[in-house]
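Step one of this worksheet: look at the structure below.
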Amino acid sequence: MEWNIDPQQLWTDYVLPWSTQILLALVIFIVGRLLAGMITRATGKALEKAKLDPILINFLRTVLSTTLTLLVIVFALSQLGVDTTSLVALLGAAGLAVGLALKDSLSHFAAGVMLIVFRPFKLGDYVEVGGVSGSVDQITIFSTRLKTPDNKVVTVPNGNVFGNTMVNFSAESTRRVDMIVGISYGSDLLKAKSLLKEIVESHDKVLKDPETKIAVSELADSSVNFVVRPWAKAEDYWAVKWELTEQIKLRFDAEGIEIPFPQMDVHLHKESA
């Protein structure tokens, strides 16, 4: 069997058209990739000038770069005559399957995006999230890492962080120190109140404004309770609380003000024979 192929016709009908299409597809891909890189870099610089969070900048860069690359590939394949409609549908179906398989990870991912965008806390803040307290050490797309006061590292999935109540103890520059001090019913109430005011006002880390509140809050079963509420800088909170607690105990002991403690009185009655 002999094949009669006209070289001129082969060149005209097949080689030249396909060569042109392949060349154009390569040009589209190369130029598109260069343009995608330029757009991504320009966007990153603009976001940096806007002083956005570095984590958010990196995330947006990645999303933009991936999206532009996929568009370039689709345009290049369409130049080769590939049915891109079917390709897009296939990618969508694959994305749906992956999404269903990784729905928990995607929920953490979505929560991470919300945390990065809305910024309820930042690195170094002392927070309570997902039932855990600690200083924020790292925020990623999928999890938030906390460092506890005893130097433990706790990783909390972002879904647990964003889906629950978040308490940021460092959001404000000042904090109120809430203390309860009890004295016995036999102690001098006005003297105790005066001593508490003197102790608090003499502490160098207690702020003058807002004013400290000292008041009788409760006539309890075995004590008269004062609320003592001084204000301090956020970073001085624990120092003020601990130092005032020690100073109040020492001063009350020196001034004869009794701080009651739980006790039980047992009365014995002798029965006559």
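Only the coordinates and a few stated rules stand behind these numbers; no lab work does. Owing to the predicted nature of the structure, the values given are computational and were not obtained by experimental measurement. Glycine also receives a Cβ, built like all others from the backbone with ideal geometry; neighbour counts cover every protein chain displayed.
What number comes out for the charge environment of residue 148, summing +1 per Lys or Arg and -1 per Asp or Glu over other residues with Cβ under 15 Å away?
Taking every Cβ under 15 Å from that of residue 148, the sum is -1.
Only sites in a loop by DSSP and with at most 16 other Cβ atoms within 10 Å count here; which trypsin sites (Lys or Arg not before Pro) in the range 191-261 make the cut?
Of the trypsin sites (Lys or Arg not before Pro), the ones in loops of the range 191-261 whose Cβ has at most 16 other Cβ atoms within 10 Å are 205, 208.
Just add up the charged neighbours of residue 206: K/R +1, D/E -1, any other residue whose Cβ is under 13 Å from the Cβ of residue 206.
Local charge sum for residue 206: +2.
Quick one: order 257, 22 by neighbouring beta-carbon count within 10 Å, fewest to most.
Ordered from fewest to most neighbouring Cβ atoms within 10 Å, 257, 22 come out as 22, 257.
Return the lysines within reach of residue 208: Cα separation strictly under 19 angstrom, same-chain partners fewer than 8 residues apart disregarded; answer none if there are no such residues.
193, 197, 233, 241
Need the full-extension length gain, residue 34 to residue 168, defined as separation in residues times 0.36 nm minus the C-alpha distance. One decimal, nm.
Roughly 43.9 nm would be gained on extension.
So what's Rg/Rh here for the range 174-255, counting alpha carbon atoms and using the Kirkwood radius for Rh?
The Rg/Rh ratio comes out at 0.96.
In a shell of Cβ-Cβ distance under 13 Å around residue 167, excluding residue 167 itself, what net charge do Lys and Arg (+1) and Asp and Glu (-1) give?
Its environment carries a net charge of -2.
Report the label-to-label distance for residue 209 and residue 145 in nanometres (one decimal), using points 7 Å from each Cα along the Cα→Cβ vector.
It is 4.2 nm.
Which loop-located chymotrypsin sites (Phe, Trp or Tyr not before Pro) does the range 155-240 contain, where loop means any DSSP state but H, G, I, E or B and the Cβ has at most 16 other Cβ atoms within 10 Å?
169, 185
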